[in-house]
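Colleague: Can you read through this structure? Questions will come right after.
Computed from the coordinates by the stated procedures, all read-outs in this text should not be read as laboratory data. Being a predicted model, the structure only gives us computed values, none of them experimental. Cβ placement follows ideal geometry from the backbone for every residue including glycine, while neighbour counts extend to all protein chains displayed.
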Amino acid sequence: MSDDVLERECVADLVRQQPKFLQLYKFAIDELMTKLRILSEEFDLAHRHDPIEHITSRVKRPEAIEAKVRRRGLATDLAAIAEGLDDVAGIRVVCPFVSDVYNVAEMLTRQDDVELLRRKDYIAAPKDNGYRSLHLIARIPVFLSDRVEKVKVEVQLRTIAMDFWATLEHKLFYKYESQVPADFATELADAAVLAAHLDSRMENLHQRLH
């Protein structure tokens, strides 16, 4: 067995043998999910419009962590992993309209205990393949019985149309892998533009009603 394989197995085993490491990320997700649900309900009561359609979350599996550690060339200890990886904990927030994406992001990041580390706006500047979403890397406190830990969480905010495109793009690429036709990327990029146009039209209708 090669040293590289052994190293990757050590990373996965290290994570598995330290359940409190991933538990911290679960607690951070729980904290942010509560914040988002409160914002959703309060905004709906105040404005008769819920800015959040639905929320999903996940903590990376040890195998996914080890793969990313290998790609990044990170040191194989928990402190280095926690510092080097931003997306061990992830939350996806799907909103009805583009304006909701930015409103939810603003409401969340102006809370005193939410520290915004990075922001990548792939709505204003989509990726080359057409991907659109607003990514936030935030650090929040997790209050334990004997201490407070500050934990990073990646929050992706997108519209229903953006989520529809991204979900199917992911499924198609993973299903067909090397069998993807030559014009596949162009077709997907065109579909992303259509989704963006739909978002724009629905946003205009939304603003007219308000």
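Colleague: Under the definition of Cα pairs under 8 Å and six or more residues apart, what whole-number percent is the relative contact order of region 3-160?
Modeller: Normalised by residue count, the contact order of region 3-160 is 26 percent.
Colleague: Would you tally the net charge around Lys150, using a Cβ to Cβ cut-off of less than 14 Å, leaving Lys150 out, and scoring K and R as +1, D and E as -1?
Modeller: -4
Colleague: Suppose only helical runs count, i.e. DSSP H with n ≥ 4. What mean residue ellipticity at 222 nm does that imply for the chain under -39500 (n - 2.57) per run, divided by all residues and rounded to the nearest 500 deg cm²/dmol?
Modeller: Value at 222 nm, helices only, nearest 500: -18500 deg cm²/dmol.
Colleague: Label-point separation (nm) for Ala125 and Asp146, each offset 7 Å from Cα along Cα-to-Cβ?
Modeller: 4.5 nm
Colleague: When semi-axes √(5λ) of the Cα gyration tensor in Å is calculated directly from the model, which label among (1) 32, 26, 12; (2) 41, 18, 13; (3) 27, 18, 17 fits?
Modeller: It is the value labelled (1).
Colleague: Below 14 angstrom from the Cβ of Val193, what's the summed charge of the other residues (Lys, Arg +1; Asp, Glu -1)?
Modeller: -2
Colleague: What does the extension gain come out to for Arg139 and Gln111, with contour length at 0.36 nm per residue minus their alpha carbon separation?
Modeller: 8.9 nm
Colleague: With label points built 7 Å along Cα→Cβ from the Cα atoms of Thr76 and Asp30, find their separation and express it in nm.
Modeller: Reported label-point gap for Thr76 and Asp30 is 3.1 nm.
Colleague: On to the next question. Scan the chain and report its longest stretch carrying no trypsin sites (Lys or Arg not before Pro) that are both in a DSSP loop and have at most 14 other Cβ atoms within 10 Å.
Modeller: That would be 148-210.
Colleague: Further, regarding this structure: If you place +1 on the Cβ of every Lys and Arg, -1 on the Cβ of every Asp and Glu, and leave all else neutral, what size is the dipole of region 1-136 about its Cα centre, to the nearest 20 Debye?
Modeller: 300 debye
Colleague: Count the lysine pairs in region 89-175 whose Cα atoms sit under 28 Å apart, keeping only pairs 8 or more residues apart in sequence or on different chains.
Modeller: 8
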